[in-house]
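Let me begin by presenting the structure, written as structure tokens, before commenting on it.
The values are calculated or read from the model by the stated rules, or taken from the named source; none is laboratory data. This is a predicted model, so every value here is computed, not measured. Every residue, glycine as well, gets a Cβ built from its backbone with ideal geometry; the counts of neighbours run over all protein chains shown. These area figures cover heavy atoms from the full protein model, side chains too; ligands, DNA and RNA do not enter into them. Shrake-Rupley method; radii C 1.70, N 1.55, O 1.52, S 1.80 Å.
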Amino acid sequence: MTDDSQTQQPTPGRATDASGAPEAAGHRLLGATDVRRLATELDVRPTKTLGQNFVIDGNTIRRIVAAAHLDPEETVLEVGPGLGSLTLGLLDAAARVVAVEIDAKLAARLPRTVAEFRPARAGNLDVVTADAMRVTELPHAPTALVANLPYNVAVPVVLHLFEHFPTLRHGLVMVQDEVADRLCAGPGTKTYGIPSLKAAWYARMRKAGVIGMNVFWPAPKIHSGLVGFERQDAPVTTASRAQVFAVIDAAFAQRRKTLRAALAGWAGGADAAERALRAAGVDPQARGERLVIEDFARIAAAHHAGADGAGAAG
């Protein structure tokens, strides 16, 4: 795909606007010097454990915010704000930002950073010190998710937030580039699988660009990908989300096998799997990588309807 989000090399210590001219003081974003100053003040050393890579290039922040297509009245959920590079850009574009940060030291410093760089917007920030994977309530209902997500937890975090915050209508997340490809993959491709299908239960996902390595501190060894999404209704089905996801997990645990074989353990035998597949209108000899989310919803519904019918007959 065309990379419409590739960043330029950052200019350490100098904040500029999109044309290369110095930024107006009221809209200055964090540069490399600011990020390192804050990290030194807090004695923060970015760790691989938390997947911390801080953006040090203002132009990259502007591109992320622009690609998120935020409405000025929106409440944005940001996960892992770190030192506040993206937070400042989001406060320029939206009515409110709710930032969820697991690191207590970073969470405590963020409001002060906003007060320093955006004094007029300081009251529009809420900071929640918590693990995003455990958050089920927020001080304001978010309508958009925009975040630079830690690589090691990106997919489970996105799915958790989709599940618990139905007010999220759209958004943009930056993740490891190969993870971005998995989230956006279509049927029949090598990268299509569990992340693609589970994300499709909630939203339409699209690849929105690639970000280079040198705009981060420390610089990762791989590129990052931007993934945009628009919320959509879940497939109409009598099966629950958990039941549908269980079929997906079983199908891709042994993705080289036919669905009849791969779903045997889940269904209680290969014959039971074949009955569910045929009832759902799916070829038992097909493989999971060829199916869309609606197919898996039909398989789950057919299996549980058959099980209920057998129980009633017994």
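Is region 224-237 home to any residue that is at pLDDT 95 or above and part of a helix (DSSP H, G or I)? Break it down stepwise before answering.
Looking only at region 224-237, we keep the residues that are at pLDDT 95 or above, and these are 224-237.
This time we only want the ones that are part of a helix (DSSP H, G or I), so: none.
Within region 224-237, none of the residues are at pLDDT 95 or above and part of a helix (DSSP H, G or I).
Which condition does Gly188 not pass, out of (1) more than 30 Å from Gln254 (Cα to Cα); (2) touching a residue at least 60 places away in the same chain (Cβ under 8 Å), if it passes all the others?
(1)
List the pairs whose first member sits in region 107-126 and is over 17 Å from Ala95 (Cβ atoms), whose second member is assigned to a strand (DSSP E or B) and acidic (Asp, Glu), and whose Cβ atoms are under 8 Å apart, counting only residues at least 6 apart or on separate chains?
Sorted first by the residue in region 107-126, then by its partner, the pairs are Ala107/Glu101; Leu110/Glu101.
State the number of residues belonging to region 104-127 that are surrounded by fewer than 18 Cβ atoms within 10 Å (Cβ to Cβ) and not in a helix (DSSP H, G or I).
1
Contact list please: Cβ distance under 8 Å, first residue in region 28-42 and more than 18 Å from Arg118 (Cβ to Cβ), second residue in a helix (DSSP H, G or I) and open to solvent by 20 Å² or more (accessible area, probe 1.4 Å), pairs at least six apart or on different chains.
Here the result reads Leu42/Lys105, each pair linking region 28-42 to a residue that is in a helix (DSSP H, G or I) and open to solvent by 20 Å² or more (accessible area, probe 1.4 Å).
Being in a helix (DSSP H, G or I), within 33 Å of the chain's Cα centre (by Cα) and at pLDDT 95 or above: is that true of Ala286 here? Quick ask: steps written out before the conclusion?
Numbers: in a helix (DSSP H, G or I): no; within 33 Å of the chain's Cα centre (by Cα): yes; at pLDDT 95 or above: yes.
Spelling it out, it is not the case that Ala286 is in a helix (DSSP H, G or I), within 33 Å of the chain's Cα centre (by Cα) and at pLDDT 95 or above.
If I filter region 243-256 for residues that are part of a helix (DSSP H, G or I), small (Gly, Ala, Ser) and open to solvent by less than 30 Å² (accessible area, probe 1.4 Å), do I get at least one hit?
Step one: filter region 243-256 for residues part of a helix (DSSP H, G or I), giving 243-253.
Within this subset, residues satisfying the condition of being small (Gly, Ala, Ser) are 246, 250-251, 253.
Next, from what is left, pick out any that are open to solvent by less than 30 Å² (accessible area, probe 1.4 Å): 250-251.
Yes.
If you take just the strands (runs of 3 or more DSSP E) that sit entirely in region 134-220, which of them hold at least 3 residues that are open to solvent by less than 20 Å² (accessible area, probe 1.4 Å) and not small (Gly, Ala, Ser)?
On the way: elements: 144-148, 170-176, 203-211.
Filter on region 134-220 gives 170-176.
For region 41-51, indicate whether the set of residues that are modelled with pLDDT of 55 or more, in contact with a Ser or Thr (Cβ under 9 Å, 6 or more places away or on another chain), among the polar types (S, T, N, Q) and under 23 Å from Val153 (Cα atoms) is non-empty.
No, every residue in region 41-51 fails to be modelled with pLDDT of 55 or more, in contact with a Ser or Thr (Cβ under 9 Å, 6 or more places away or on another chain), among the polar types (S, T, N, Q) and under 23 Å from Val153 (Cα atoms).
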